[in-house]
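The values are calculated or read from the model by the stated rules, or taken from the named source; none is laboratory data. Given the structure is predicted, the values throughout are model-derived calculations rather than measurements. Cβ placement follows ideal geometry from the backbone for every residue including glycine, while neighbour counts extend to all protein chains displayed. Heavy atoms of the whole protein, side chains included, go into the accessibility calculation; ligands, DNA and RNA do not. Shrake-Rupley method; radii C 1.70, N 1.55, O 1.52, S 1.80 Å.
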Amino acid sequence: MTTTEPDEATTPTPGTAAGDGAAGGRGGTTIAAIAAEAGVSVPTVSKVLNGRADVAAATRARVEEVIERHGYRRRRSSSGTGSGLIELVFHELDSPWALQIIKGVETVAGPARIGVVLSELGGEHRPPQEWLDDVLARRPRGVIFVQSELDPAQHAQLKSRSIPFVVVDTAGEQPPGVPVVGSANWAGGLAATRHLLGLGHRRIAVISGPRDVLCSRARIDGYRSALDEAGLPFDPDLVRYGNFFVDGGYKHGRELLSREDRPTAIFAGADFQALGVVRAARELGLSVPRDLSVVGYDDLPVTEWVQPGLTTVCQPLQEMAATAARMLLQIAGGSTPANLRIDLATELVVRESTAPPAH
């Protein structure tokens, strides 16, 4: 792992601890003024700024409140923010989907000779404070959050240390000014459902990701819009929220396909969900695509090699990640991107897992 380079946080100057001195707060607030107002020493404020663990929780909260109220921002070093590191944070890491994101970030970070540090939040969409303290101590060039986000207080902490961040495939709506890179999820759901309708399917189920994740809801909104467009009613009994993994697709697939009025087609919100649906269908004696058409989402490399080849919506994961990394380095270098919200196009890729319904 690349080690943090010495900077103003580790080089003391007269009258300050660790040289965090003259600040970028309103009215030129200094670290000494923050210490005086919070009723602590200058070294204590420096410890808080640097994510040190040896500060009492109540003291840390008091100092952070003063920092935020004054709009304090640590000065950037002349070589850009922090060390030669990008923090890449996933809510879950255990999927080939995550590997595509990592590859995309590396296409930008590698040539720039910037290291990438991976973190996983164990399925949570918001990092714990302990994780954020470690990041503050490492002083990275910036942070990329993948389907994860910060609460307002954590956002303020990164901002006060001049550590920029970008969100990829956001879990929820972000506050104004937060850079976000995503894809056209609504259009992807629309295209997948239109394809199935065009083949003649009229009873189409959808299995998406968690209900509280923005892209899950957007894909279902696209599915619903396609049904409306075709003059078909929206049936909530054919909608399932779960996860983006094989087990979720398998579980919900068995439930849907065990019904007497089973669907003739299923649109899954992820390729691995779709593979779970295919397994459930086979266990129930159904053939794909003769008895059931299946559409996935992401266009992971495995979709070309499974039997039958999976029809899916191509989400440009590597391009999304590379775009986020370029945006992050641009912000870390002191520039403001022309667009803070970028949604890349999705595209339907038709393979052998879809066909007209059997009559």
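General observations
- For segment 309-325, putting each phi into the Karplus relation 6.51 cos²θ - 1.76 cosθ + 1.60 with θ = phi - 60° gives couplings of x, 8, 5, 7, 9, 6, 9, x, 4, 5, 5, 4, 5, 5, 4, 5, 5 Hz, in residue order, rounded to whole numbers and with x for Gly and Pro.
- Estimated vicinal HN-Hα couplings, Hz - segment 247-252 in sequence order (Karplus 6.51, -1.76, 1.60; Gly, Pro = x): 4, x, x, 5, 4, 5
- Segment 254-344 - percent of accessible surface contributed by carbon and sulfur, probe 1.4 Å: 48 percent
- Note on GLU130 and ARG69: with the Förster distance fixed at 30 Å, the Cβ-Cβ geometry gives a FRET efficiency of about 0.80.
- Pairwise FRET efficiency - SER287 versus ASP261, Cβ, R0 = 25 Å, nearest 0.05: 0.85
- Rolling a 1.4 Å probe over the heavy atoms of the protein chains gives segment 170-323 an accessible area of 39 Å² per residue.
- Among 314-326, 234-246, 217-229, the order from most to least packed when residues are scored by Cβ within 10 Å on average: 314-326, 217-229, 234-246
- One decimal place: the segment GLN307-ALA58 gains 83.8 nm when fully extended, by the rule 0.36 nm per residue minus the C-alpha distance.
- At R0 = 30 Å, FRET efficiency that the Cβ-Cβ distance of ARG254 and GLU229 yields, to 0.05: 0.50
- Carbon-plus-sulfur accessible fraction, segment 80-190 (probe radius 1.4 Å, protein heavy atoms only): 53%.
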